[in-house]
1. Over the chain, with every protein chain in place, what whole percent of the accessible area is carbon and sulfur at 1.4 Å, could you tell me?
2. To check my understanding: the extent here is largest minus smallest coordinate of the Cα atoms along each principal axis. What are those three numbers for the chain, in Å, largest first?
3. What FRET efficiency would be calculated for the residue pair K208, E107, taking the C-beta separation as r and a Förster radius of 45 Å, to the nearest 0.05?
4. Give me the distance in nm between label points sitting 7 Å out from Cα along the Cα-to-Cβ direction at F191 and H130, one decimal.
5. How big is the dipole moment of the stretch 2-119 about its Cα centre under a simple scheme where the beta carbon of each Lys and Arg is +1, that of each Asp and Glu is -1, and everything else is neutral? Debye, nearest 20, please.
6. At what distance in nm do the modelled label points of C71 and N89 sit from each other, each positioned 7 Å from its Cα along Cα→Cβ?
7. Using the structure shown, list the pairs from K152/K201; K28/K87; K34/K87; K14/K72; K22/K201; K133/K201 with a Cα-Cα distance above 19 Å, or answer none.
8. Once both axes come from the Cα atoms, what is the angle between helix 191-204 and the longest principal axis of the chain, in degrees from 0 to 90, rounded to 10?
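The values are calculated or read from the model by the stated rules, or taken from the named source; none is laboratory data. In this text the structure is predicted, and so the values were computed from the model without any measurement. No Cβ is skipped: glycine too gets one built from the backbone with ideal geometry, and neighbour counts run over all protein chains shown. Accessible surface is based on the protein model in full, side chains and every heavy atom, while ligands, DNA and RNA are left aside. Shrake-Rupley method; radii C 1.70, N 1.55, O 1.52, S 1.80 Å.
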Amino acid sequence: MNVLIVEDYKELAKEIIDFLSKNGYLCKWVSNCKDALEEMGVNTYDAMLLDLGLPDGDGFQVLKSVRKQQCKTAVIVITARGELDDKINGLELGADDYLTKPFALTELAARLYAVIRRMNGFVTNEIEVHGFKIQLQDYKITFDETPLSLTKKEFDIFQYLVLNKNRVITRLQLTEHVWGDILELNSDSNFVDVHVRNLRKKLEKFTKIDWFETVRNVGYRINI
Ligand code: CA
């Protein structure tokens, strides 16, 4: 999962990034409205943490513009302002959740997970897919109580495809969501396919996986 952090208070941003990185998120940090909008135009994020008081404007501007573009990114507004009006305004503009500073990082992580999950139409952190039970937050997959030993990347790929069930996910999208900034990676490389192949092999040990489709020259789709 990749998260854009829009926060001008460097120490807080650093704290959030350290914590979320340890919890398996890919984080990108920007400190003003202009860079946030630019970043949203270039990359696709699963979630955005949005501060309201930014040096070049109000975070609500960013929220408004992102929602106008019908962008699916889950947005959590984080702010020192705790006033009811701000909360209502944020939710009306399409924020998915609201956190008032100071907050516990564990609460942020839990809320972040919940908004991403809800955004993709799941109600709990445990998802069953053709006999496999995925515990999203704990990086665990079992089949008939038997745990699968997947690498972190294999888990991330599986999780991302499952969260986007019934949609074709391109190699580029997978790369972006599982490895981070695509510009830093060699786009010619077939490393995504290698990881997917390994994941397939591991799943096939348990059951037939004809629901895990390879869409030729495009990407992959998990049909549920
Ligand atoms: Ca601020």
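1. Carbon and sulfur atoms account for 50 percent of the accessible area of the chain.
2. 53, 38, 30
3. About 0.65, to the nearest 0.05.
4. 2.7
5. Taking the Cα centre of the stretch 2-119 as origin, the dipole is about 400 debye.
6. About 2.0 nm separates the two model spin labels.
7. K28/K87; K34/K87; K14/K72; K22/K201
8. Long axis of 191-204 versus the principal axis of the chain: about 60 degrees.
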